[in-house]
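One structure is given here, and the rest of the page talks about it.
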Amino acid sequence: MSNYDIIIVGAGTAGSVLAAGLATQGIKAALFDRLEKEKIGIKVCGDATSIDHFERIRSIVKIDPPHGEEIQQKVEGAWIYSPDRKVKFELVEEGSTGVIIDRFKLGMRILDNAIDYGAELYDSSMVKDPIIKDDQVKGIKYRGKDNNLHEISAKVVVDASGVGAVLRKKLDKNKTHMDHELAPKDVCNCYREIRDVKEEIESPGFIRLMFDQDIAAGGYIWEFPRGSNSMNVGLGVMRMNKLNPHRQFDLFLKQQEKLYRDSKLIHGGAWRVPLRRPQDNLVWNGFMLIGDSGTQVKPTDGGGIGISVTAAAMATKTITSALEFDDVSMKGLWPYSVEFMTTIAPVTAPLAILKDYFITLPSATINEVFHKRVVEGEELLYGNAKGQIDSGLIKNLQRAYRGRRILGTLLGFRSAINKSNKARNLYYDYPKTPDAFPAWRNEILNTYGEL
């Protein structure tokens, strides 16, 4: 049994950033991944993020933002289409730092940084179980390259294994207050391809989003240009709708035959994305969650790169302090939960309530919203970025007048906004100690209709 200060399960973006940040502090870190090193950076993804996220954490984790060939396209704005494609909102964000990245190149560079700083990589290693003693995670059991089972210990174990959450699901949820499984309405099944196209792409600086419930039920379709002749194109369908995302994707390509006729498939694949609020608790005794395993995503679009690397920087600070004071209990690791829940969660978590409302709307209703401009494009942009939509009297009256044919829908929308505002305030009041957590969680479960 080898001994480490920290074991990180999952060498994706979040796990590798955390490993790099801790290794620069002289902390002995082991980084596990089920894939061989040369394939770790390959992940099916929309590949969109903002350089700002990486700039903000740079001083903590010593990782440079995406640069050079890691950036495929700079994003100037977005085109958002109605289901019938007859209405297009053009949203331009001044001073945008959004980029479409080469996920493999960026991921491999961050992983190499972590290794160079001193983290030890255990690739081609399948983590099986946590080792728990006296109500504390003490290490992991894994099957290594030699196909034998091994045990390895650490003071802190971090689950950064993605939506599969291989360790979170093995812990006692009544003690950790972490969910084992996600509800079907909170999981999006996605399919994506990268295609080189012959026809030059119009305005490649603009990403395209389409809300079509007949094709992407409960989700959306995206086209993210990677230069003037390459496209990251995909869609997501909510698991509760039981549709095959690849089959739905093929239907979309037939609609867009002009662009994709004779295009060259570079890479394709399917994956799952959590679309919900973060796990209500992110730590336990000797244990932490980051990234998709902690459902640290934006529920409306599945974006998680920027959120997860920010969480990794927060975890770096907490783990460093916990090891210094020799307290890796739930209480000692609690500052990580507090920082994430009071800074990022108030923006992202309320969006889950709005998402739950919008996935029930048929395409005909969404067309009415677009055609009558019941919700303006700027509201969509601001709401998705800040997690807050104006619900004042004047704005409600304007929506009611423009959307008088769908007044019932607007009343439901107003109710969802009010619930999301309540949730936001609860996150700002996240308990400062674990003792106050159970009462807070009851409030959250009641607000989200899960009590």
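Each value in this text was obtained by applying a stated rule to the coordinates, not by laboratory testing. This structure is a prediction, so every number in the text was calculated from the model and none was measured. When we count neighbours, we look across all protein chains shown, and the Cβ atoms used for this are built from the backbone with ideal geometry, even at glycine.
So the values come out like this:
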{"item": "Assigned charges on the beta-carbon of Lys, Arg, Asp, Glu; the range 184-274 dipole about Cα centre (debye)", "result": "340 debye"}
{"item": "Net charge of neighbours whose Cβ lies under 12 Å from the Cβ of I290, counting Lys and Arg as +1 and Asp and Glu as -1", "result": "-1"}
{"item": "Using alpha-carbon coordinates, inclination of helix 407-428 to the longest axis of the chain, degrees", "result": "20 degrees"}
{"item": "Distance from the range 99-177 to the range 230-276 (C-alpha centre basis), Å", "result": "30 Å"}
{"item": "Amide proton proximity set for K138, modelled H, under 5 Å, gap of 5+", "result": "I131, I132, K133"}
{"item": "Mean Cα-pair separation over length for the chain, i.e. relative contact order, pairs under 8 Å, 6 or more apart, %", "result": "17 percent"}
{"item": "Sequence-distant residues sharing a close amide H with V157 (under 5 Å, placed H)", "result": "I7, F287, M288"}
{"item": "Given K175/K422; K62/K141; K173/K331, the pairs whose alpha carbons are separated by over 19 Å", "result": "K175/K422; K62/K141"}
{"item": "Convex hull volume per residue in cubic angstrom - Cα atoms of the chain", "result": "140 Å³"}
{"item": "The chain - charge dipole about Cα centre, Lys and Arg +1 at Cβ, Asp and Glu -1, debye rounded to 20", "result": "1220 debye"}
{"item": "Long-range amide H partners of Q72 with built H, under 5 Å", "result": "I100, I101, D102"}
{"item": "Residues I110, I132, sorted so that the one with the fewest Cβ neighbours within 10 Å comes first", "result": "I132, I110"}
{"item": "Charge-dipole axis of the chain as Lys and Arg at +1 and Asp and Glu at -1 on Cβ define it, positive-most pick from P346, L411, Y428", "result": "L411"}
{"item": "Per-residue [θ]222 nm for the chain (sum of -39500 (n - 2.57) over DSSP H runs n ≥ 4, rounded to 500)", "result": "-11000 deg cm²/dmol"}
{"item": "Shape of the range 60-106, Cα gyration tensor, a/c cut at 1.5", "result": "prolate"}
{"item": "Mean Cβ neighbour count within 10 Å, used as a protection proxy, ranking 148-157, 216-225 highest first", "result": "216-225, 148-157"}
{"item": "Links that overshoot a 32 Å alpha carbon limit, given the list K39/K317; K74/K169; K74/K264; K128/K264; K37/K88; K185/K264", "result": "K74/K169; K128/K264; K37/K88; K185/K264"}
